[in-house]
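The values are calculated or read from the model by the stated rules, or taken from the named source; none is laboratory data. The model shown is predicted, which means the values in this text are computed figures rather than measured ones. Only protein heavy atoms, including side chains, enter the accessible area calculation; ligands, DNA and RNA are left aside. Shrake-Rupley method; radii C 1.70, N 1.55, O 1.52, S 1.80 Å.
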Amino acid sequence: EEGSNDAAVVTHILDCIVGSVETNGDSTTARRLLELLAAVIVVANKKKKNAISIVTRIVAFSECAVESVRSSMTFLIGKLLERFSDDHGEATYDALQQALVARFTDKAVSVRAAAVSCCKVEHDPDITTSKCWILQHDPSATNRALAAKFVPISLQTIDYIIHRIRDVKESVRVAALEAFVGHQGDLEAHHMAAIVQAGWTERYVIIDELN
(Lines give C-alpha, C1' and ligand atoms only; values in the text may rest on other atoms or scores of the structure.)
Protein backbone atom coordinates (compact mmCIF):
# COMPACT_ATOMS: atom_id res chain seq x y z
CA GLU A 1 0.00 0.00 0.00
CA GLU A 2 2.85 2.36 0.84
CA GLY A 3 4.40 1.69 -2.59
CA SER A 4 1.09 2.47 -4.29
CA ASN A 5 0.83 5.77 -2.41
CA ASP A 6 4.38 6.74 -3.39
CA ALA A 7 3.66 5.92 -7.02
CA ALA A 8 0.46 7.98 -6.90
CA VAL A 9 2.33 11.01 -5.54
CA VAL A 10 5.05 10.76 -8.20
CA THR A 11 2.44 10.28 -10.92
CA HIS A 12 0.58 13.39 -9.72
CA ILE A 13 3.79 15.45 -9.84
CA LEU A 14 4.53 14.10 -13.33
CA ASP A 15 1.05 15.03 -14.50
CA CYS A 16 1.45 18.57 -13.13
CA ILE A 17 4.79 19.04 -14.93
CA VAL A 18 3.34 17.68 -18.17
CA GLY A 19 0.37 20.04 -17.85
CA SER A 20 2.74 22.98 -17.42
CA VAL A 21 4.85 21.92 -20.41
CA GLU A 22 1.74 21.51 -22.54
CA THR A 23 0.68 25.07 -21.68
CA ASN A 24 3.98 26.90 -21.45
CA GLY A 25 6.38 24.82 -23.54
CA ASP A 26 9.47 22.77 -22.74
CA SER A 27 11.43 25.14 -20.48
CA THR A 28 14.68 24.96 -18.53
CA THR A 29 12.66 25.05 -15.30
CA ALA A 30 10.57 22.08 -16.40
CA ARG A 31 13.71 20.10 -17.25
CA ARG A 32 15.24 20.84 -13.84
CA LEU A 33 12.07 19.53 -12.20
CA LEU A 34 12.14 16.45 -14.41
CA GLU A 35 15.74 15.80 -13.42
CA LEU A 36 14.72 15.83 -9.76
CA LEU A 37 11.75 13.63 -10.56
CA ALA A 38 14.08 11.13 -12.24
CA ALA A 39 16.04 10.79 -8.99
CA VAL A 40 12.82 10.14 -7.07
CA ILE A 41 11.71 7.48 -9.58
CA VAL A 42 15.07 5.72 -9.30
CA VAL A 43 14.69 5.51 -5.52
CA ALA A 44 11.16 4.13 -5.94
CA ASN A 45 12.46 1.56 -8.40
CA LYS A 46 15.16 0.39 -5.99
CA LYS A 47 12.52 -0.03 -3.30
CA LYS A 48 10.26 -1.87 -5.78
CA LYS A 49 7.50 0.67 -5.21
CA ASN A 50 5.57 0.38 -8.47
CA ALA A 51 8.13 2.27 -10.56
CA ILE A 52 7.02 0.34 -13.64
CA SER A 53 3.58 1.98 -13.44
CA ILE A 54 5.24 5.42 -13.43
CA VAL A 55 7.50 4.42 -16.34
CA THR A 56 4.45 3.21 -18.29
CA ARG A 57 2.86 6.64 -17.87
CA ILE A 58 6.06 8.41 -18.97
CA VAL A 59 6.22 6.23 -22.08
CA ALA A 60 2.60 7.08 -22.88
CA PHE A 61 3.34 10.80 -22.55
CA SER A 62 6.36 10.40 -24.85
CA GLU A 63 3.90 9.49 -27.62
CA CYS A 64 1.71 12.54 -26.98
CA ALA A 65 0.56 14.62 -29.94
CA VAL A 66 2.04 17.76 -28.35
CA GLU A 67 5.66 18.26 -29.46
CA SER A 68 6.80 20.00 -26.27
CA VAL A 69 5.50 17.12 -24.15
CA ARG A 70 7.23 14.51 -26.31
CA SER A 71 10.46 16.51 -26.09
CA SER A 72 10.34 16.88 -22.31
CA MET A 73 9.45 13.22 -21.79
CA THR A 74 12.30 12.19 -24.07
CA PHE A 75 14.60 14.24 -21.84
CA LEU A 76 13.19 12.50 -18.75
CA ILE A 77 13.56 9.06 -20.33
CA GLY A 78 17.20 9.82 -21.12
CA LYS A 79 17.88 10.86 -17.52
CA LEU A 80 16.24 7.69 -16.23
CA LEU A 81 18.22 5.48 -18.60
CA GLU A 82 21.44 7.05 -17.36
CA ARG A 83 20.47 6.11 -13.82
CA PHE A 84 19.12 2.66 -14.78
CA SER A 85 22.19 1.78 -16.86
CA ASP A 86 23.07 -1.12 -14.54
CA ASP A 87 19.58 -2.59 -14.89
CA HIS A 88 19.84 -3.51 -18.57
CA GLY A 89 17.32 -6.26 -19.24
CA GLU A 90 14.99 -5.26 -16.42
CA ALA A 91 11.41 -4.29 -17.25
CA THR A 92 11.86 -0.61 -16.38
CA TYR A 93 15.02 -0.24 -18.44
CA ASP A 94 13.63 -2.09 -21.45
CA ALA A 95 10.41 -0.05 -21.52
CA LEU A 96 12.38 3.20 -21.37
CA GLN A 97 14.92 2.07 -23.94
CA GLN A 98 12.26 1.13 -26.49
CA ALA A 99 10.48 4.44 -25.93
CA LEU A 100 13.70 6.40 -26.48
CA VAL A 101 14.65 4.53 -29.65
CA ALA A 102 11.23 5.39 -31.10
CA ARG A 103 11.87 9.10 -30.58
CA PHE A 104 15.02 9.09 -32.74
CA THR A 105 12.71 9.00 -35.76
CA ASP A 106 10.15 11.47 -34.38
CA LYS A 107 8.77 13.92 -36.94
CA ALA A 108 9.80 16.90 -34.78
CA VAL A 109 13.39 18.19 -34.89
CA SER A 110 13.30 19.17 -31.20
CA VAL A 111 12.26 15.69 -30.09
CA ARG A 112 15.01 14.03 -32.11
CA ALA A 113 17.45 16.54 -30.62
CA ALA A 114 16.30 15.62 -27.11
CA ALA A 115 16.78 11.95 -27.90
CA VAL A 116 20.30 12.27 -29.26
CA SER A 117 21.62 14.76 -26.71
CA CYS A 118 20.18 13.77 -23.37
CA CYS A 119 21.17 10.16 -23.07
CA LYS A 120 24.74 9.25 -22.11
CA VAL A 121 24.16 5.49 -22.07
CA GLU A 122 27.11 4.17 -24.06
CA HIS A 123 26.83 0.42 -23.64
CA ASP A 124 23.42 0.02 -25.29
CA PRO A 125 23.87 -1.01 -28.96
CA ASP A 126 20.33 -0.05 -29.98
CA ILE A 127 20.73 3.49 -28.64
CA THR A 128 24.17 3.83 -30.25
CA THR A 129 22.76 2.61 -33.57
CA SER A 130 19.97 5.18 -33.33
CA LYS A 131 22.48 7.96 -32.66
CA CYS A 132 24.49 6.86 -35.71
CA TRP A 133 21.28 7.01 -37.77
CA ILE A 134 20.79 10.63 -36.71
CA LEU A 135 24.43 11.32 -37.53
CA GLN A 136 24.00 9.94 -41.04
CA HIS A 137 20.47 10.80 -42.04
CA ASP A 138 18.88 13.56 -39.97
CA PRO A 139 17.93 16.49 -42.26
CA SER A 140 18.69 18.94 -39.43
CA ALA A 141 22.33 20.07 -39.35
CA THR A 142 21.90 20.93 -35.67
CA ASN A 143 20.90 17.35 -34.90
CA ARG A 144 23.74 15.89 -36.97
CA ALA A 145 26.17 18.10 -35.03
CA LEU A 146 24.65 16.96 -31.73
CA ALA A 147 24.99 13.35 -32.80
CA ALA A 148 28.68 13.90 -33.62
CA LYS A 149 29.08 15.10 -30.04
CA PHE A 150 27.11 12.33 -28.33
CA VAL A 151 27.90 9.22 -30.39
CA PRO A 152 30.42 7.23 -28.30
CA ILE A 153 33.71 6.74 -30.15
CA SER A 154 34.46 3.09 -30.80
CA LEU A 155 35.62 0.85 -33.63
CA GLN A 156 31.94 0.46 -34.58
CA THR A 157 31.15 4.18 -34.75
CA ILE A 158 34.37 5.94 -35.76
CA ASP A 159 33.76 5.69 -39.52
CA TYR A 160 30.33 7.33 -39.13
CA ILE A 161 31.90 10.30 -37.36
CA ILE A 162 34.75 10.58 -39.87
CA HIS A 163 32.21 10.64 -42.70
CA ARG A 164 30.57 13.72 -41.18
CA ILE A 165 33.84 15.66 -41.53
CA ARG A 166 32.74 15.94 -45.18
CA ASP A 167 29.24 17.17 -44.26
CA VAL A 168 27.81 20.01 -46.35
CA LYS A 169 27.35 22.12 -43.20
CA GLU A 170 30.41 23.60 -41.49
CA SER A 171 28.84 23.28 -38.03
CA VAL A 172 28.59 19.52 -38.51
CA ARG A 173 32.13 19.25 -39.90
CA VAL A 174 33.56 21.13 -36.91
CA ALA A 175 31.49 19.05 -34.45
CA ALA A 176 32.78 15.85 -36.04
CA LEU A 177 36.38 17.04 -35.74
CA GLU A 178 35.89 18.19 -32.16
CA ALA A 179 34.50 14.75 -31.27
CA PHE A 180 38.01 13.36 -31.67
CA VAL A 181 39.72 15.96 -29.47
CA GLY A 182 41.11 14.13 -26.47
CA HIS A 183 40.72 10.73 -28.15
CA GLN A 184 43.89 10.77 -30.23
CA GLY A 185 45.41 8.06 -28.05
CA ASP A 186 42.45 5.78 -28.81
CA LEU A 187 42.89 6.05 -32.58
CA GLU A 188 44.96 3.92 -34.91
CA ALA A 189 47.26 5.56 -37.46
CA HIS A 190 44.86 4.79 -40.31
CA HIS A 191 42.05 6.50 -38.39
CA MET A 192 44.14 9.65 -38.02
CA ALA A 193 45.00 9.51 -41.71
CA ALA A 194 41.30 9.14 -42.59
CA ILE A 195 40.43 12.17 -40.44
CA VAL A 196 43.04 14.31 -42.18
CA GLN A 197 41.96 13.08 -45.62
CA ALA A 198 38.31 13.78 -44.83
CA GLY A 199 39.14 17.30 -43.64
CA TRP A 200 41.43 18.02 -46.60
CA THR A 201 38.68 19.21 -48.91
CA GLU A 202 37.81 22.45 -50.63
CA ARG A 203 35.61 23.28 -47.65
CA TYR A 204 37.25 25.23 -44.84
CA VAL A 205 37.51 23.33 -41.56
CA ILE A 206 39.50 23.85 -38.39
CA ILE A 207 41.90 20.99 -37.63
CA ASP A 208 44.42 22.69 -35.34
CA GLU A 209 42.82 21.17 -32.23
CA LEU A 210 43.74 17.69 -33.45
CA ASN A 211 47.45 18.50 -33.51
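Assorted remarks:
- Note: the stretch 26-82, Cα convex hull, 60 Å³ per residue.
- Shape call, the stretch 110-164: gyration tensor on alpha carbons, a/c limit 1.5: oblate
- The stretch 88-133: C-alpha gyration tensor shape, a/c 1.5 cut-off, then a/b vs b/c: prolate
- Shape category assigned to the stretch 6-150 from the gyration tensor of Cα positions, a/c cut at 1.5: oblate
- Note on residue 57: accessible area approximately 100 square angstrom, rounded to 10, probe 1.4 Å, nucleic acids and ligands left out.
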